[in-house]
Every structure is written in C-alpha cells, then in structure tokens.
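Peer 1: I'd like to ask some things about the structure below.
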Amino acid sequence: MNVINKKYKIIQKIGEGSFGCIYKCQNIRTDEYLAIKVEPIVNDTKLLKNESTIYQYLQNTEGIPTIKWFGKDLKNYYMVIDLLGESLETIKKKYTVFSLKVVLQIGIKVINLLRLIHEKGLIHRDIKPENFLLGFGNKKKNIYMIDFGFCKSYIRDGNHILERKTSNLIGSPTYASINAHNFIELTRRDDLESLGYMLIYFYLGTLSWQDISELSINETTNVNCTNDPNDINNKIKYLKERILETNIPLVFIEYMKYVKQLEFSEKPNYELIISILSKNNYI
C-alpha cells in the first residue's frame with residue numbers, strides 16, 4: 001500500500017480508529033500533502049462510504065475539510081481529504097487543562113460549526129476532542145470538524161425524524177448524551193450536550209466517568225462488548241445526570257440546563273447559546 005490510485009503516496013500513519021487508519025500522504029502529481037483514510041472492506045461497516053458522501057454534501061462549508069477523492073480496491077475503501085493540524089485532544093494532553101477563557105472560545109467556534117451542519121439537515125453524532133482539528137499556516141487558529149462516519153440526516157421527506165428507540169449507544173460513551181445512554185434516537189440537542197461534556201473535560205482535565213467509559217466500553221458505539229454493558233452504561237449515565245451538582249463554573253451549568261431542556265425536534269437557539277458562552281464575566 002505504497003501508492004494509492006497511482007497518485008497518493010503513503011508517508012506515515014497519523015491516526016487509528018476501530019474502523020480503520022489515517023495516513024499522511026502526498027499527491028505525487030502536485031506534491032500536495034493530504035490525509036488518506038483507509039477502511040478494510042472486510043469490516044463491512046461502509047462508514048467511510050457514508051462519510052465521503054457527507055463530505056461531498058458539505059463541500060465548501062466553512063470548517064469542513066475538502067474531500068479530494070474516494071475509491072476502493074480489492075481490500076480497502078479510501079478517502080482523501082485536506083491534511084490538518086493537531087486535534088484538540090492532542091493539544092489538551094500537552095497542557096492538561098485549558099483556561100476557562102480558552103474553553104469558551106473553543107465552545108463558540110464549535111457551536112458555529114454545529115449550526116452550519118445542523119442548518120444543512122445533518123447531525124454529527126460523535127462529538128469528541130479527537131474530531132476537532134486545527135488548521136495550518138494562516139488558518140492555524142481555525143477549528144475543523146472531521147469524522148462524519150456516524151453523521152446522518154434528521155430530516156426525512158421534508159419533516160423532522162420521529163423519536164424512537166435505538167438498539168445501541170451511538171458515538172463515544174465518554175461524551176454521549178443522556179438520550180444516547182437511554183438508547184433514544186439522537187437529534188441536534190444531543191450534539192450540543194456532547195459538546196458540553198467536551199468543554200467541561202477541557203476545563204477540569206478529566207471527567208468522573210472517564211475511566212469507566214474508556215476502560216470498560218468500546219469507544220466506538222458498542223456497549224455490548226462487556227460482560228455487563230447495561231450496568232456500566234447506567235453507571236456512566238448516573239454520573240452524567242449529576243454533573244450539574246459538581247463543582248463546575250456557572251457558565252457550564254447554564255449551558256447544560258438549556259441544552260437538556262430542548263425537545264426532540266426543537267431547533268436550538270444558537271445565538272442564545274453563544275451569548276451564554278460569551279458573557280463578559282466569563283470571557
């Protein structure tokens with residue numbers, strides 16, 4: 001797997017997930033450096049195919065990488081996109097915690113990204129620090145959203161989808177919403193709740209349920225991989241339900257209270273959320 005599609009030369013691995021790997025590559029015709037995501041066909045998840053469709057739909061959307069090519073051979077699916085900088089998770093590990101000002105600035109940027117994809121009828125469904133990357137050069141302060149494998153439309157035949165039960169937890173157990181733990185179909189409110197946990201994590205440096213979710217549950221949506229998944233799922237949910245009772249800044253309490261009261265099909269008030277995060281006494 002040295003050169004893909006007679007065009008993209010593999011340089012080095014830069015990431016890995018449960019459904020495949022990401023490599024830095026170079027277009028040998030233009031010398032441009034890019035990222036190529038590889039998913040084995042044998043996995044039969046077709047997440048990469050879904051993700052490529054989403055990227056094509058979101059083409060030219062601010063904060064979304066540009067897809068260059070999607071294809072397959074006898075072994076793998078491939079997707080080539082813009083090469084970006086470090087993830088917020090990588091940066092957080094370097095500094096342990098972020099200041100409240102930095103956390104809220106990140107929050108506002110991510111809210112604007114979520115508003116853009118929500119306005120296009122999509123929900124991400126896997127909000128976590130690994131899925132937000134910085135740009136390069138004069139765009140190094142920009143935040144980009146990636147990994148749309150679990151992304152789906154919340155609009156069907158011109159109407160909002162109906163509330164229903166799901167068969168498993170969608171997304172990362174560490175940042176999943178309470179609705180996800182209750183196996184309820186996800187909507188816009190759930191992306192926002194997951195963002196809330198992510199921001200609290202940046203500020204505190206850790207979450208009280210993180211050891212449970214990272215050590216006991218497969219981080220890619222499958223709560224059925226443990227001996228007693230329901231017990232573990234309920235432990236995480238219990239701690240999340242009490243997050244507002246813990247010692248966190250008032251801004252997070254105000255944010256989470258608003259997000260948690262949203263109805264299934266209700267459109268979030270993004271301007272209100274941004275005003276919560278940008279109050280003078282916070283930033």
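Peer 1: Looking at Asp147, Asp191, can you tell me which residue is of a type in the set (D, E, K, R), modelled with pLDDT under 95 and under 19 Å from His124 (Cβ atoms)? Steps first, please.
Peer 2: On the way: Asp191 fails: modelled with pLDDT under 95.
Exactly one residue qualifies, and that residue is Asp147.
Peer 1: When you scan region 86-100, do you find a residue that is over 20 Å from the mean Cα position of the chain (by Cα) and part of a strand (DSSP E or B), even just one?
Peer 2: Checking region 86-100: not a single residue is over 20 Å from the mean Cα position of the chain (by Cα) and part of a strand (DSSP E or B).
Peer 1: Residues in region 37-47: is at least one out of contact with any helix residue (DSSP H, G or I) (no Cβ under 7 Å at 6 or more places or on another chain), part of a strand (DSSP E or B) and surrounded by 14 or more Cβ atoms within 10 Å (Cβ to Cβ)?
Peer 2: yes
Peer 1: Only one residue in Ser194, Ser172 is within 12 Å of the chain's Cα centre (by Cα), assigned by TED's automatic domain parsing to the domain that holds Glu241, closer than 20 Å to Val102 by Cβ and of a type in the set (Gly, Ala, Ser). Which one?
Peer 2: The conditions single out Ser194.
Peer 1: On to the next question. Collect the residues in region 151-182 that are among the aromatic types (Phe, Trp, Tyr) and at pLDDT below 95, keeping them in residue-number order.
Peer 2: none
Peer 1: Could you grab the pairs with beta carbons closer than 8 Å, sequence gap of 6+ or different chains, first residue in region 23-36 and more than 19 Å from Gly135 (Cβ to Cβ), second one assigned to a loop (DSSP other than H, G, I, E, B)?
Peer 2: Ile28/Lys7; Arg29/Lys7
Peer 1: For region 231-283: of the residues being more than 14 Å from Leu192 (Cβ to Cβ) and aromatic (Phe, Trp, Tyr), which is modelled with the highest pLDDT?
Peer 2: Tyr238
Peer 1: Quick one: would you say Thr174 is without any contact (Cβ under 8 Å) to a residue 40 or more places away in the chain and hydroxyl-bearing (Ser, Thr, Tyr)?
Peer 2: So Thr174 does not fit the description; no.
Peer 1: Return the residues of region 128-181 that are assigned to a loop (DSSP other than H, G, I, E, B), among the hydrophobic types (A, V, I, L, M, F, W, C) and within 20 Å of Val259 (Cβ to Cβ); say none if nothing qualifies.
Peer 2: Phe150, Cys151, Ile161, Leu169, Ile170, Ala176
The values are calculated or read from the model by the stated rules, or taken from the named source; none is laboratory data. Everything quoted here is computed from the prediction, not taken from an experiment. For neighbour counting, all protein chains shown are included, and Cβ atoms are generated from backbone atoms with ideal geometry for every residue, glycine included.
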